[in-house]
Amino acid sequence: MITLKNIVKAYDGKQAGNKAVDGLNLEINKGEFVALLGPSGCGKTTTLMMLAGLLKPTAGEIYFGERLVNHVEPKDRNIGMVFQSYALYPHLTVRDNIAFPLRERKIPKQEAYARAKETSKILQIDHLLDRKPSQLSGGQQQRVAMARALSKNPEILLLDEPMSNLDARLKLDVRDEIRKIQLSLGVTTIIVTHDQEEALAISDRVAILNGGKIQQYAAPHELFNYPINLFVASFLGSPPMNLVDGKLEDKSGDQVVVTDGFEYKLPEDKILDRTYMGKTIKFGIRPHDLVVCDKNDNQAIPMKVDLVEHLGSGKLVKVTDTQGKLETMIRLLTDNEKEIQPGDLIYIKVKANKFHLFDMTNNGQSIYYTC
Amino acid sequence: MSTSTLKKALVHTYMTLFTLPIAAMIVWYFLAATMNFTTGQFSLDNFSFFQEPVQYSGVKLPMIWPIVLNTMMYSILIVIIEACISVPTAYAFSRLDFKGRRSAMKFLFLMRSFPGITLIIATFFILVQMNLVNTYLGVLLVAVTGSLPGRVYIMKGFFDEVPWDIEWAAMVDGCTRFGAFKKVLVPYVLPGIGAIAVFSFLGAYGEWFLFKLLIFNDDMLTLAGYLSKLVTKENQIVNYGLITAIGLFYTLPIVVFYIFTQKIFMKVNLGGAKQV
């Protein structure tokens, strides 16, 4: 198990006092695949570098199991790492690249080469062993980097945006393969990525970082369905969640979300404490949780269609309220069969209970998550 | 004639006109060495310096072969010393964070552009005080000191090009910082080391001023100094045939050396890491 306790990393020099990582706590179980996800500058790579030992934390403790590793050199941590640039040694052949970590452990050449060959077979690059890195394609270089990281049977595998230099289709294959290998070897793996789809698809748990802090650390579906705050809600999902400014009000016994363009009555089982009334909130609904409905439906909200985008598998419809008072357009996804043209008047409703309320007086915390 | 051929012809004429003087000089150089101008016949008389010490109208110089040995020893020693000092120094300037790095870097740049010749009188007196005049050590010290800033500066550029990822990868793979330097970074910047080695060699091979100034024994000279001794102020007679013959002997290794080493200058990045 890996434990990070109150990790702080402040860089000195010009940006002195600027904390790249600011009080980060994280626990990773043995054999788990964890993704660190966040926008650039959120501290995810810094965290990975501290796990590798290439950076020393300013404060806090890192444990591998029971062992405090704060001051353990990278070479003594038994980690494998794949870099974004792959960082292959250009003067060595693929075989020597993969055997390099083994040779550094004083393993005899014969045995190191045999193990390099074994590892290369897992990654299906055993036919490339005699080539130099410059003679390989991007995908092959990536595999060599993986093989080099895995050849020493590391306790922990660290992946620093390993797929960002591959083209979209290759990415999907490599992603599946990394996951498969990770499961078969059972190696604890931490991946840093800014690609949410990648993070959600590949990992057991995802830690979403922003401003050097973990916003939410949970399984992918949980992050998606129960975002803890506004940042997580708006960061995850494509197309992104609709977020409408509003206010909670008590209208003759009914609790209602009042926005500039429409009102939404909270269902019976989502009734809130009275103290929430009058609070400024953001009303969040994912585009696929909005459906086009009949005019007579009691929850129907009339909307004017502004724009229709074809996504192939469906349509992305952007609507606004009939008076045009809403500041942001609302996005919803429909299937291809529905005939919708810009300028049409349609009626939409929120799928049962599929909405989020974020308390703007409390840093955008999700109201339902906390209560 | 079409316009394109006309253009080509013009360009070629133009280039030929400008190349001609240079070509003429080289041709004359070979002729002067291998022709007896009084008889107009081909002769190898000028190359007798291979067999016997040079001696004509007051100029008396030792046999050339020990001088050749001196030259080779001196040049190779300079290459080794300069490479061994400049490579780690450049690494430190490029990668390590130490106190005074920026000011030292500025000083290095200043020293690189500073005309060292203006310091030569002071240098001479210092060497006299240290009893290093007329010793190879003295020449080596002055020569290395003079050229080191430039070498370090070039080498630093090569180290700056090495992605951090490569060094980090080596450290994760079990190297110490020094191990990463030795096993990964030095091979990575090998073309750069080759380049400074060539510069050092050419510089040392052509060094005559320091020998003229600091070495008083003719048998301690190197080829460049030897060549310069052929022309002296005292006698007004200059033996052009002999000078060009020895000059040819002196230049030939450099030309050959250049043909074999020019590839190093062309091949700078070997690839292997994508530049992000």
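Points to keep in mind about this one:
- Selection status of B:A104, assigned by TED's automatic domain parsing to the domain that holds B:L210 and buried (at least 17 other Cβ atoms within 10 Å of the Cβ): no
- B:F114 being closer than 23 Å to B:L230 by Cα and either of a type in the set (F, W, Y) or in contact with a Lys or Arg (Cβ under 6 Å, 6 or more places away or on another chain) (or both): no
- In the range B:1-33, of all residues being among the small types (G, A, S) and exposed (fewer than 10 other Cβ atoms within 10 Å of the Cβ), the one that is nearest to B:G247 (Cα to Cα) corresponds to B:S4.
- Of the helices (runs of 4 or more DSSP H) entirely within the range B:122-196, those holding at least 1 residues that are in the same structural domain as B:R95 (by TED's automatic domain parsing) and modelled with pLDDT under 90 occupy B:136-161.
- Scope the range A:37-60; condition within 17 Å of B:W168 (Cα to Cα) and either within 14 Å of chain B (Cβ to nearest Cβ) or without any contact (Cβ under 8 Å) to a residue 12 or more places away in the chain (or both); matching residues: A:T45, A:T46, A:L48, A:M49, A:M50, A:L51, A:A52, A:G53, A:L54, A:L55, A:K56
- Among the criteria (1) without any contact (Cβ under 8 Å) to a residue 12 or more places away in the chain; (2) under 24 Å from the mean Cα position of the chain (by Cα), the one B:T71 does not fulfil is (1).
- Residues in the range A:118-137 that are modelled with pLDDT under 90 and within 12 Å of another protein chain (Cβ to nearest Cβ): 0 in all.
- Checking the stated criteria, B:F49 turns out not to satisfy the condition of being more than 26 Å from B:Y226 (Cα to Cα) and of a type outside the set (S, T, Y).
- Enumeration of residues in the range B:74-101 that are within 24 Å of the chain's Cα centre (by Cα), loosely packed, with under 13 Cβ neighbours inside 10 Å and among the aromatic types (F, W, Y): none
- Of all residues in the range A:61-93 being within 11 Å of chain B (Cβ to nearest Cβ) and not in a loop (DSSP other than H, G, I, E, B), the one that is nearest to A:I2 (Cα to Cα): A:I79
- Residue in the range B:140-147 that is within 14 Å of chain A (Cβ to nearest Cβ), aliphatic (A, V, I, L, M) and either surrounded by fewer than 17 Cβ atoms within 10 Å (Cβ to Cβ) or free of Cβ contacts under 8 Å to residues at least 60 places away in the same chain (or both) present: no
- Selected residue [under 23 Å from A:F231 (Cβ atoms) and either among the hydrophobic types (A, V, I, L, M, F, W, C) or surrounded by fewer than 15 Cβ atoms within 10 Å (Cβ to Cβ) (or both)] from A:L266, A:L326, A:L307, A:L311: A:L326
- For beta carbons closer than 7 Å, sequence separation of 6+ or different chains, a first residue in the range B:154-179 that is away from every other protein chain (no Cβ under 12 Å) and a second that is buried (at least 17 other Cβ atoms within 10 Å of the Cβ) and outside any helix (DSSP H, G or I), the qualifying pairs are B:F158/B:V189; B:F159/B:V189.
- Taken over the range B:180-212, residues that are within 14 Å of another protein chain (Cβ to nearest Cβ) and touching a residue at least 24 places away in the same chain (Cβ under 8 Å) amount to 9.
- Residue in the range B:22-32 that is in a loop (DSSP other than H, G, I, E, B), of a type in the set (F, W, Y), under 15 Å from B:N239 (Cα atoms) and outside the structural domain of B:G225 (by TED's automatic domain parsing) present: no
- Only a single criterion out of (1) of a type outside the set (A, V, I, L, M); (2) away from every other protein chain (no Cβ under 11 Å); (3) buried (at least 18 other Cβ atoms within 10 Å of the Cβ); (4) out of contact with any strand residue (DSSP E or B) (no Cβ under 7 Å at 6 or more places or on another chain) is not satisfied by A:P162, namely (4).
- Selection of the range A:315-371 for residues being in a strand (DSSP E or B) and of a type in the set (S, T, N, Q) yields A:T320, A:T334, A:Q365, A:S366.
The values are calculated or read from the model by the stated rules, or taken from the named source; none is laboratory data. For clarity, every value in this text was computed on a predicted model and none was experimentally measured. Neighbour counts are summed over all protein chains in view; Cβ atoms, including those assigned to glycine, are modelled from backbone coordinates with ideal geometry.
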